[in-house]
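Asker: Sharing a structure here in structure tokens format.
The values are calculated or read from the model by the stated rules, or taken from the named source; none is laboratory data. Since the model is a prediction, treat every value here as computed from it, not as a measurement. Reconstructed Cβ throughout: ideal geometry from the backbone, glycine too, with neighbour counts over all protein chains shown. For accessibility, only protein heavy atoms count, side chains too; no ligands or nucleic acids. Shrake-Rupley method; radii C 1.70, N 1.55, O 1.52, S 1.80 Å.
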Amino acid sequence: MESIMNDDCLFCKIIAGDIPSNKVYEDDDLYAFRDINPAAPTHVLLIPRKHLSGVTAAGEEDRELLGSLLLAANRIATAEGLAEDGFRYVINNGKHGGQTVYHLHLHIIGGRPLTWPPG
Ligand code: 5GP
Ligand code: ZN
């Protein structure tokens, strides 16, 4: 898997270690760390090492990467003790989606009952 870094991207800098983060998981293609402003007792961000500006920037060539992302998320949720009571995955996309960092990331949120629908 190619790792294309974007010099202006906060999460690319976190992957590179230029900005510190609280690592939860990593493999050749993915990196996970704790959200700096957690929305719940457990709030992990799982990102591809490859810079994609959002989920809609993924193409056919990213099919395996997107699959790996969800399967890794499942392992992280289990390792974080969320599997039994449940949890939520969130991918915000674009302005109306509330995306603030334009490097694809999956939020893994749990540790308390979550309300629905979102605001
Ligand atoms: P978005 O709103 O784009 O879906 O989510 C971006 C997330 O990144 C937010 O939940 C925010 O708290 C988190 N975040 C922003 N800057 C940093 C940072 O420097 N370190 C960490 N660990 N999380 C960050
Ligand atoms: Zn990036």
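Asker: Taking 7 Å along the Cα-to-C-beta vector as the label spot, tell me the E64-L10 distance in nanometres, rounded to one decimal.
Answerer: Each label point lies 7 Å from its Cα, and together they span 3.1 nm.
Asker: Here's something else I'd like to know. Filter the GluC sites (Glu not before Pro) in region 11-119 down to the DSSP loop ones having no more than 10 other Cβ atoms within 10 Å, then list what survives.
Answerer: The qualifying sites are E84.
Asker: To make sure I understand the rule: partners must be lysines, Cα under 19 Å from the Cα of K13, and not fewer than 8 residues away in the same chain. Which ones qualify?
Answerer: Filter leaves K23, K50.
Asker: To continue, here is another question. Please compute the volume of the convex hull spanned by the alpha-carbon atoms of the chain and report it per residue in Å³.
Answerer: Hull volume normalised by residue count: 108 Å³.
Asker: Largest first, what is the accessible-area ranking of R75, R34, R49 with a 1.4 Å probe?
Answerer: My answer, sorted largest first, is R75, R34, R49.
Asker: Give the accessible surface of the chain per residue, rounded to a whole number of Å², with probe radius 1.4 Å and ligands, DNA and RNA excluded.
Answerer: Accessible surface, normalised per residue, equals 60 Å².
Asker: Continuing with the same structure: Give me the percent relative contact order of the chain, please, defined on Cα pairs under 8 angstrom at least 6 residues apart.
Answerer: This gives 29 percent for the chain.
Asker: Percent of accessible area on region 33-84 owned by carbon and sulfur, 1.4 Å probe?
Answerer: On region 33-84, the fraction of accessible area on carbon and sulfur atoms equals 53 percent.
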